[in-house]
Structure formats: C-alpha cells, structure tokens
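In what follows, a single structure is set out as structure tokens and then discussed.
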Amino acid sequence: MAQLSSAHGPLVYLRLGAVDAVTTDDPEVIREILLRQDDVFASRPRTLAAVHLAYGCRDVALAPFGSHWKRMRRTCMEHLLTTKQIESFSGHRKIEACHLARDVWRKARDGEPVNLRQFLGNFSMNNVTRMLLGKQYFGPELAGPAEAAEFMHITHELFWLLGLIYLGDYLPLWRWLDPLGREKKIREVEKRMDRFHQKIIEEHREAMARRKEAGDGENKEAMDFVDVLLSLPGEDGKERMDDTEIKALMQDMIAAATDTSAVTNEWAMTEVIKHPGVLRKVQEELDRVVGRDRLVQESDLAHLTYLRCVVRETFRLHPAGPFLIPHESTRATKLMGYDIPAKTRVFINTYALGRNRRVWDDVDAFRPERHLPPEGSGGRVEISHGADFKILPFGAGKRRCPGAPLGVTMVLMALATLFHCFDWSPPEGVRCEEIDTEEVYGMTMPKAKPLMAAARPRLAPNLYD
C-alpha cells in the first residue's frame, strides 16, 4: 500500500471485493480524516475477527461508533485510566523496573547474552497483569507457570488473528468455503479466551466475597481493574456490568498494553545498540538528570528530552503496527474533493507515513535529533501525534487510544532503566551494523528474530539487588 500512495498520490481508492476502501500515508489527509471529519470516520468495520475476538464488538477498540462505544469509553476514562488510577499503580511499575534491572544484571554478571524480547515482554506483561488482574505472571510472585503460559499463548494468537487480512471480510463466498480454516481457528481461540477471562472474573468475585465476609469492605486503594469493573453499575439500571462487557474491556487492556509496548521497546533497544553514538547521548542525559547513585524514577521521565526523541524516532521508523485499526465512514462525504460512500473502510498506513519522503528526509536513517525542539524554545517533545500528524503511535481523534499516557510511561520507564543501568553492545562476534532489523508483518511488526545483546553494569552493585 505504501507503493500505491507513492505511485498514485496521497489518497488511494481500492475496491476490496464487495467493500469500498481508501488508504493514505499523508499527514494532511490523515488530519482531515481524524480531526476535521472525525464524526464521519469514527466508526469501525465489523470484521469476523472483531466480532469473535472482541465479544461481538462490545469493547472500546473495535466497537462501531455509537452509544455503546461511548459508554464503554467513558467507563475506561472515568474509572480505569484516570490519572489518579494510573498513579496508584506507580509502586508496581517501580517494582517491575527494579526486577528488570536485577534480572538483566544477573545475566550480565554471569557473562550471558540477554534475550531482550523475553525481558521486555515480561516487564510489559507483569505491569499490565498487576493492574488488570492483580497478578504477576513472571517473577518472584509468579501466579503459576501453566496459567502464565496460557495467558501468553492466547495473547499472541489473538494478535496474529486480528492482524490477518481475512478474505471472508471482503468476499462472502470465502466464508462459506473457509479453505484455510481461518474461521475455525478464530472460533477456537474465542472459546479458549472466554474460558480464561471467565476464570479470572470468578476468582475476583470469590475474593470479593471472602473480603466481605471478613468485614474488610471495599478497599479502593487495593482494587485492580477487574475489581473496579465488577463494582460498577450496568446499562439500563442493571446493578452490575455484564460479564461480557467486563471481558471485552479486559481483552482491550491486555491487547493494547502488552505486545505493542514490548515490540516498541525491542525496536528502540535494537536501534540504539546499533548506533553507539545515540547510546552515549542517552546515557549522558540520564547521568545528568538522574545521576549514578540511584535508579530512574517516573518523575525523571518528563526531563529526559533526548530519550523521548529516541522513542518518537522509534515510532516513526518502527510503528507498533503497520496500520491503525481500520476506520469506517458512517455516511457519505467528500474527502480531499473526492466522493466517499458510506461504510468505506479507511486504512491509515503508519509504516508508510514514517517513510514518506514528502514528509521526512533521510527516511531510512535512525536519527533522534530530528525531533528535538528548536534550541531555546523549552518545548516538550510530544511522543504522540502532536499538531503535525507526522507520526501516529496512538491514533488521534475520538478513536485515539485511551491508554496512551500509560503506554508512554511503560515504554520510557523500561528504556530509561536499561540504558541507565547498563552499557550495551551486540553479542560477541557481531558488529553493530550487522544487527538484524528484519520485520514480521501482522497487527504488530516485531523483529523477525529476538534481540540478543551483551550488557555491562554501569552502576554500583548494591543498586541492582
């Protein structure tokens, strides 16, 4: 699709079987879609994967625009992702950052290469499961290896299926034939996913009942996200939210905050290790802001301007996914002078946007300096889309990811911890320029092979224990 835009202009019309579609990688067209005509393009198509893997599109990310979506998003913004709620879990994030530093330090002490995909995946997963489920799946407070393995397997299969382009969504006859067994696979994962989520809900209900019997009452400070959802009233005067709605929101939180942040962090580590000059600048800033007599705190993150540029450049060159989740027009409209029918699908190509030569120069170079604010301006480096729509890590408009602040914090905290605590280089026998950067296409775009690297501690030993 990037080649289509290069050949045919900033807005390309496609006829995908029975479906009208347009694709773009141009900031002005994207601004028109996500800002000026946000009301028109704020809906989502009901794809087979969305219907079966998002509980009939009853979640936030994949639900069509309407009253149900508004209520579910309001639930997220007012009860789950408030600044106060996110800050209430800062202690957990601090513990997970300490565990990350300690676990890498043990590998470095033993002279072993570090599998950064594994460590960053564990960091993201534990942060999300602590907030969402009240459990840690990897580490000293392990919930159980079988449950952790099931959780990881379901999450990876979910991302794989949601990232597939399924011909049955465009050619109705294909669904009847299903020659590759995709629909069968989707239904199998749907059942396993639902059993896992229902088990979590029942565990929380039983724990709440035990606390009530013991007279502990409702300690809001100790409540995880599932506890909060189980305490909320439902629609149309119901005493509590439906289990289906709770499971749909759980699914959104897991999908949005685990694989995407881990993929971004692995790409950032890959590019910085590949460019030692960038690593030196990141560490000089960390030594200036944090020093070497303590670990990084979340309060430091706002002052790490160059690291924020590194993250923004990573989002440009390696967006978490090649496209935003597709939008769909709710009515006929005009877009850049062209007639757009109702129910047209819109594919915003974030991968091509970051490599658009009309927008960026030297597009294949990893150069964080391009994002620095003008000298003396004192401007903050905006990691999200900003006013220019040149990168879109979290979307924009009504369908912007509601967990963007949490996602940015998790990415920055992991990277700041690793760059502050360790010097990094490729494994023995590999030169920096030989580090592999091959990608795998899907809903997210991870490295084809896990990043292996050598770590050397740069702080006092007592800070790692």
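Of all residues in the range 232-253, which are surrounded by fewer than 22 Cβ atoms within 10 Å (Cβ to Cβ), aliphatic (A, V, I, L, M) and outside any loop (DSSP other than H, G, I, E, B)?
Within the range 232-253, no residue meets the criteria.
Might you check whether a residue that is among the basic types (Lys, Arg), surrounded by fewer than 22 Cβ atoms within 10 Å (Cβ to Cβ), more than 30 Å from Lys94 (Cα to Cα) and out of contact with any helix residue (DSSP H, G or I) (no Cβ under 6 Å at 6 or more places or on another chain) occurs anywhere in the range 320-341?
Keep residues of the range 320-341 that are among the basic types (Lys, Arg), which gives 331, 334.
Then drop every residue that is not surrounded by fewer than 22 Cβ atoms within 10 Å (Cβ to Cβ), which leaves 331, 334.
From the residues that got through so far, the ones that are more than 30 Å from Lys94 (Cα to Cα) too are 331, 334.
Pick out the ones that are also out of contact with any helix residue (DSSP H, G or I) (no Cβ under 6 Å at 6 or more places or on another chain) and you get 331, 334.
So far as the range 320-341 goes, yes, one or more of its residues are among the basic types (Lys, Arg), surrounded by fewer than 22 Cβ atoms within 10 Å (Cβ to Cβ), more than 30 Å from Lys94 (Cα to Cα) and out of contact with any helix residue (DSSP H, G or I) (no Cβ under 6 Å at 6 or more places or on another chain).
Which residues, taken from the range 412-462, are under 22 Å from His303 (Cα atoms) and assigned to a helix (DSSP H, G or I)?
In the first step, residues of the range 412-462 are kept if they are under 22 Å from His303 (Cα atoms); the result is 412-423, 458-459.
Matches in the range 412-462: Leu412, Met413, Ala414, Leu415, Ala416, Thr417, Leu418, Phe419, His420, Cys421.
Provide a single number: the residues in the range 254-271 that are closer than 14 Å to Val311 by Cβ and outside any helix (DSSP H, G or I).
0
How many residues are modelled with pLDDT under 90, among the hydrophobic types (A, V, I, L, M, F, W, C) and within 27 Å of the chain's Cα centre (by Cα) when one looks only at the range 208-249?
Residues flagged as modelled with pLDDT under 90, among the hydrophobic types (A, V, I, L, M, F, W, C) and within 27 Å of the chain's Cα centre (by Cα) within the range 208-249 amount to 2.
Pick from the range 361-370 the residues that are out of contact with any Asp or Glu (no Cβ under 6 Å at 6 or more places or on another chain) and not in a loop (DSSP other than H, G, I, E, B): which of them is nearest to Ile391 (Cα to Cα)? Quick ask: steps written out before the conclusion?
Start the filter on the range 361-370 by keeping residues that are out of contact with any Asp or Glu (no Cβ under 6 Å at 6 or more places or on another chain), which leaves 361-365, 367, 369-370.
Applying the additional criterion that residues be not in a loop (DSSP other than H, G, I, E, B) yields 369-370.
Working: Glu369: 15, Arg370: 13 Å.
It comes out as Arg370.
Which one of these is closer than 27 Å to Asn122 by Cα and touching a residue at least 24 places away in the same chain (Cβ under 8 Å): Thr244, Thr270? Spell out how you get there, then give the answer.
Working: Thr244 fails: closer than 27 Å to Asn122 by Cα.
Among Thr244, Thr270, only Thr270 is closer than 27 Å to Asn122 by Cα and touching a residue at least 24 places away in the same chain (Cβ under 8 Å).
Would you point out which residue out of Arg456, Arg399, Arg380 is out of contact with any strand residue (DSSP E or B) (no Cβ under 9 Å at 6 or more places or on another chain) and more than 19 Å from Val128 (Cα to Cα)?
Details: Arg456 fails: out of contact with any strand residue (DSSP E or B) (no Cβ under 9 Å at 6 or more places or on another chain); Arg399 fails: out of contact with any strand residue (DSSP E or B) (no Cβ under 9 Å at 6 or more places or on another chain).
Every option except Arg380 fails the conditions.
Would you check which residues across the range 107-135 are more than 16 Å from the chain's Cα centre (by Cα) and in contact (Cβ under 8 Å) with a residue 60 or more places away in the chain and list them? Please lay out each step first, then the result.
Looking only at the range 107-135, we keep the residues that are more than 16 Å from the chain's Cα centre (by Cα), and these are 107-116, 118-119, 130, 133-135.
Matches in the range 107-135: Lys107, Ala108, Arg109, Pro113, Val114, Asn115, Leu116, Gln118, Arg130, Leu133, Gly134.
Is there any pair linking a residue in the range 11-38 that is within 16 Å of His385 (Cβ to Cβ) and touching a residue at least 40 places away in the same chain (Cβ under 8 Å) to one that is part of a loop (DSSP other than H, G, I, E, B) and of a type in the set (D, E, K, R), with Cβ under 8 Å and at least six apart or on different chains, and which?
Asp26/Arg358; Pro27/Asp388; Pro27/Lys390
Take the conditions closer than 30 Å to Asp339 by Cβ and surrounded by 15 or more Cβ atoms within 10 Å (Cβ to Cβ) and apply them to Cys57. Does it pass? I'd like the intermediate steps shown before the answer.
Working: closer than 30 Å to Asp339 by Cβ: yes; surrounded by 15 or more Cβ atoms within 10 Å (Cβ to Cβ): yes.
Considered against the rule, which asks whether it is closer than 30 Å to Asp339 by Cβ and surrounded by 15 or more Cβ atoms within 10 Å (Cβ to Cβ), Cys57 comes out as yes.
In the range 342-357, what count of residues is obtained for those that are surrounded by fewer than 19 Cβ atoms within 10 Å (Cβ to Cβ) and either touching a Phe, Trp or Tyr at 6+ places or on another chain (Cβ under 7 Å) or within 20 Å of Tyr170 (Cβ to Cβ) (or both)?
2
If a residue must be among the acidic types (Asp, Glu) and within 29 Å of Ala50 (Cα to Cα), how many such residues does the range 289-342 contain?
As a first pass, look at the range 289-342 and keep what is among the acidic types (Asp, Glu): 293, 298, 300, 313, 328, 339.
Restricting the remaining residues to those that are within 29 Å of Ala50 (Cα to Cα) gives 328, 339.
Residues flagged as among the acidic types (Asp, Glu) and within 29 Å of Ala50 (Cα to Cα) within the range 289-342 amount to 2.
What are the residues in the range 43-62 that are without any contact (Cβ under 8 Å) to a residue 24 or more places away in the chain and outside any helix (DSSP H, G or I), if any?
At the first step, the residues of the range 43-62 found to be without any contact (Cβ under 8 Å) to a residue 24 or more places away in the chain are 46, 51, 57.
Residues satisfying the conditions are Arg46, Cys57.
The values are calculated or read from the model by the stated rules, or taken from the named source; none is laboratory data. Being a predicted model, the structure only gives us computed values, none of them experimental. Methodologically, a virtual Cβ is constructed for each residue, glycine included, from the backbone with ideal geometry; neighbour enumeration extends over all protein chains shown.
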